[in-house]
Amino acid sequence: MKKVDHIGIAVKDLEQVLPYYTETLGCPLMKIEEVEGQKVKVAFIDAGNIKLELLEPMSEDSPIHKFIEKKGEGIHHIAFGVDGIEERMAELRENGVKLLNEEPKPGAGGAMVAFLHPKSSNGVLYELCEKK
């Protein structure tokens, strides 16, 4: 793992919460994009030494919608920046870590991503994030 790349935060409504991050906390909004494959709208917030990734579900079958229904808004995942995501996934599998993805998939910001199952990570959802 190179570093913590970002912290993903599940929110019901980006427009409603963005002023808290940009005005109240004074963190710049970097960009907003939609990730169709994961059915989320993502706002990237520059929090100084780390990015925050605000995740709004785009439909009721979005994993983020299901998360919010079950646990409410809040921290969804912590993402680690990696090089060679396929190799890192294989190493983790060899060490008994269960992954939620068989192969990396396209994520926000042009990254390839894969998630570690929370049951293998003491209840925390971790994301591997490789940026080209």
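The values are calculated or read from the model by the stated rules, or taken from the named source; none is laboratory data. Everything numeric in this text was worked out from a predicted model, so none of it was measured. Please note: Cβ atoms are built from the backbone with ideal geometry, for glycine as well, and neighbour counts cover all protein chains shown.
Does region 69-99 hold any residues that are touching a Ser or Thr at 6+ places or on another chain (Cβ under 9 Å) and surrounded by 10 or more Cβ atoms within 10 Å (Cβ to Cβ), and which are they?
So in region 69-99, the residues touching a Ser or Thr at 6+ places or on another chain (Cβ under 9 Å) come out as 92, 96-99.
Within region 69-99, L92, V97, K98, L99 meet the criteria.
For region 17-29, does any single residue satisfy the condition of being part of a strand (DSSP E or B) and in contact (Cβ under 8 Å) with a residue 24 or more places away in the chain? Spell out how you get there, then give the answer.
Taking region 17-29 as the starting set, the residues that turn out to be part of a strand (DSSP E or B) are 29.
Among the residues that remain, those that are also in contact (Cβ under 8 Å) with a residue 24 or more places away in the chain are: none.
No, because not a single residue in region 17-29 is part of a strand (DSSP E or B) and in contact (Cβ under 8 Å) with a residue 24 or more places away in the chain.
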- Query: What's the number of the condition N122 fails, among (1) at pLDDT 95 or above; (2) of a type outside the set (K, R); (3) more than 15 Å from the chain's Cα centre (by Cα)?
  - Reply: (1)
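Out of the residues in region 100-116 that are of a type in the set (G, A, S) and either more than 15 Å from the chain's Cα centre (by Cα) or surrounded by 14 or more Cβ atoms within 10 Å (Cβ to Cβ) (or both), which is modelled with the highest pLDDT? It would help to see each step written out before you state the result.
Initially, region 100-116 is screened for residues of a type in the set (G, A, S), giving 107-111, 114.
Now narrow it down to the ones that are either more than 15 Å from the chain's Cα centre (by Cα) or surrounded by 14 or more Cβ atoms within 10 Å (Cβ to Cβ) (or both): 107-109, 111, 114.
Numbers: G107: 88, A108: 87, G109: 84, A111: 91, A114: 96.
That would be A114.
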- Query: Is there a residue in region 47-56 that is under 19 Å from L125 (Cα atoms), within 11 Å of the chain's Cα centre (by Cα) and in contact (Cβ under 8 Å) with a residue 60 or more places away in the chain?
  - Reply: no
- The residue from H77, H6 that alone is closer than 14 Å to Y126 by Cα and touching a Leu at 6+ places or on another chain (Cβ under 6 Å) is H77
- Residue check, D83 against (1) out of contact with any helix residue (DSSP H, G or I) (no Cβ under 6 Å at 6 or more places or on another chain); (2) part of a strand (DSSP E or B); (3) under 21 Å from V4 (Cβ atoms); (4) of a type outside the set (G, A, S), all met but one. Which one? (2)
- Query: With P57, P28, P63 as the choices, which residue is surrounded by fewer than 19 Cβ atoms within 10 Å (Cβ to Cβ), at pLDDT 95 or above, of a type outside the set (D, E) and touching a helix residue (DSSP H, G or I) at 6+ places or on another chain (Cβ under 8 Å)?
  - Reply: P28
- So is S62 within 14 Å of the chain's Cα centre (by Cα) and polar (S, T, N, Q) or not? yes
